[in-house]
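The values are calculated or read from the model by the stated rules, or taken from the named source; none is laboratory data. Predicted, not measured: the structure shown is a model, and the values here were computed from it. Because the Cβ atoms are built from the backbone with ideal geometry, glycine has one as well, and the counts that use them run over all protein chains shown.
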């Protein structure tokens, strides 16, 4: 396809740089940084926008940096923003969230920066693929796998596996570790004959076939003084340190909330219910059978009910506090309805996608909730991913609407 020289305006959700052609058409450019002057090759043209790949940086913008990981030069797509200075990347993420809130949610929000993770050795959960039998990551927007050897963002317990292990009889495996216990585990996504070789002797290897036969393959984490059993098919944060940061942020958000029922939506293995409820009666709602089973175990001894259900199919009881940590798609309208129906005085929404954040918060504000704080946590350095913790309170408009039955 044809080529062009463009100036990058800013970074957008999804990680691309945004530029404009002379006629005003938006162009999304991969591997770009703000204020770069770049030569690009168009890969797709639509009526309203185009996509292009970077050929050459003619003039680097002030936030462009040399990727610190040699695997990026070989094509690894695991860390899409290694070409952006980390401090500048954080500022770009804040700008991205504010712009998305304004454009999609018609909201003017003040976003403050919360705690960030170190830029290396933080990931305790990795989904990796095989190139031959060696472990690696896929190229960006490709099925091709790059042998990375060492991974700079992997926790040392997993990096040792990445550097030495070979995968036999399968194309992918999930590596997990717990800094709390020192345990590490590989879930091989293949049949019973699949395995990992040349790995550290203490690496526990299980297969999808083992899990289908009922094996839970539990890994134990300790976060904020609470112990969590996490089965291989249960959701947990991609980094143990990230879980600690999230818990500290949510605890602060609910610290002065009224007493009363604590509802944990999309509650996973009970991370927030176990660490932030502070003696309140707990209702945890989770659709994954594995996560719900783990949550029931992790909340033993507390006044807790675990409901295995889709949030949108669940009837919300009255509550004082709702903490919601939905998947990337967000609460969506039905989830917003369930939060509003709870009549919670305090809502803490954890969003991992800027567009979903904008839609969900807009829905809650339209229902009468008021934004108290919006905090961006940088839990995924060297990527475009964001974690946004929004605290809301039930305003007078919401109380009036509920009391009148509207």
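A few points about this structure:
- On inspection, residue 13 qualifies as within 20 Å of residue 85 (Cα to Cα), part of a loop (DSSP other than H, G, I, E, B) and touching a helix residue (DSSP H, G or I) at 6+ places or on another chain (Cβ under 9 Å).
- Comparison of 186, 130 shows that the only residue that is farther than 30 Å from residue 355 by Cβ, at pLDDT 95 or above and assigned to a strand (DSSP E or B) is 186.
- Qualifying residue in the stretch 199-217 (condition: closer than 20 Å to residue 134 by Cβ, surrounded by fewer than 19 Cβ atoms within 10 Å (Cβ to Cβ) and touching a residue at least 24 places away in the same chain (Cβ under 8 Å)): yes
- Scanning the stretch 96-116 turns up no residue that is surrounded by 15 or more Cβ atoms within 10 Å (Cβ to Cβ), in a loop (DSSP other than H, G, I, E, B), in contact (Cβ under 8 Å) with a residue 12 or more places away in the chain and out of contact with any strand residue (DSSP E or B) (no Cβ under 9 Å at 6 or more places or on another chain).
- Selection within the stretch 220-231 - within 22 Å of residue 380 (Cα to Cα) and surrounded by 19 or more Cβ atoms within 10 Å (Cβ to Cβ): 221, 223, 230
- Top-ranked residue of the stretch 245-260 - restricted to ones that are under 24 Å from residue 300 (Cβ atoms) and surrounded by fewer than 20 Cβ atoms within 10 Å (Cβ to Cβ), ranked as nearest to the chain's Cα centre (by Cα): 248
- Residues of the stretch 133-152 that are touching a helix residue (DSSP H, G or I) at 6+ places or on another chain (Cβ under 9 Å), on the phi < 0 side of the Ramachandran plot and part of a loop (DSSP other than H, G, I, E, B): 148, 150, 151, 152.
- Set side by side, the residues 376, 392 differ, and just one is part of a strand (DSSP E or B) and either over 23 Å from the mean Cα position of the chain (by Cα) or within 27 Å of residue 81 (Cβ to Cβ) (or both), which is 376.
- Just one of the listed residues (11, 90) is under 13 Å from residue 384 (Cβ atoms), surrounded by 18 or more Cβ atoms within 10 Å (Cβ to Cβ) and either in contact with a strand residue (DSSP E or B) (Cβ under 9 Å, 6 or more places away or on another chain) or touching a residue at least 60 places away in the same chain (Cβ under 8 Å) (or both), and it is 11.
- Residue count, the stretch 249-290 (criterion: in contact with a strand residue (DSSP E or B) (Cβ under 8 Å, 6 or more places away or on another chain), outside any helix (DSSP H, G or I) and over 25 Å from residue 220 (Cα atoms)): 4
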